[in-house]
Amino acid sequence: MDKTKLLKDLKRIEASLAAVIHQIESENTGITATIAVVRKIAILEEVFRAGGKVTAEEVSKFAIKYGKTPSSCAGYYSGKSPSMTTNEELIDDKALLKYNWFTSDWRYLTNTGLLLVREKRDEWGEDWLDRVPLDIVGSDANTLTYINF
């Protein structure tokens, strides 16, 4: 028997069991959300907590932390109302642009991104990200669609 495959399968089972246990334990906590929404807003919340500006590498790290692939973050920068940008034209605080550090390596929250973060903070509380079960949200082995926190 291939021990690597067995270990991978056991870890997937462990993650699924942990998710179910957490779900049962937290059923009365009051906040229920889809994992997809939590993952999407978690990355924006991380950028917000960093002052609204991070590097592309940091966005990739946040994606991995919350169970997404870095390439899946492309959606943040597209559409009619992107939630993040590298385009200085979309930065409201023009004072930021006088600094030499503004390059395409930086990622900024747009007004749309800021609005999404503020809406979820109002709905879930400002400390919501600290209460999210990272072992469930960040696991690609998770089979749950909704979580409670």
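Among the residues of region 58-67, those that are open to solvent by less than 50 Å² (accessible area, probe 1.4 Å) and of a type outside the set (Gly, Ala, Ser) comprise 59, 62, 66. Checked against the criterion of being at pLDDT below 80, crowded, with 17+ Cβ neighbours inside 10 Å and not acidic (Asp, Glu), the candidates 100, 142, 87, 148 yield just one match: 142. Restricting the first member to region 3-20 and to residues that are among the polar types (S, T, N, Q), and the second to residues that are not in a helix (DSSP H, G or I), the beta-carbon pairs closer than 7 Å and six or more apart or on different chains are 16/141; 16/143. The residues in region 40-53 that are open to solvent by less than 70 Å² (accessible area, probe 1.4 Å) and modelled with pLDDT of 95 or more can be counted, and the count is 9. Taking each residue of region 45-67 that is assigned by the TED database to the domain that holds residue 133 and looking for partners that are of a type in the set (Asp, Glu) and open to solvent by 60 Å² or more (accessible area, probe 1.4 Å) with beta-carbon atoms closer than 6 Å, six or more apart or interchain, yields 55/105; 56/105; 67/140.
The values are calculated or read from the model by the stated rules, or taken from the named source; none is laboratory data. Because the structure is a prediction, the values reported are computed rather than measured. Here the Cβ is made from the backbone with ideal geometry for all residues, glycine too, and neighbour counts use every protein chain on show. Accessible surface is based on the protein model in full, side chains and every heavy atom, while ligands, DNA and RNA are left aside. Shrake-Rupley method; radii C 1.70, N 1.55, O 1.52, S 1.80 Å.
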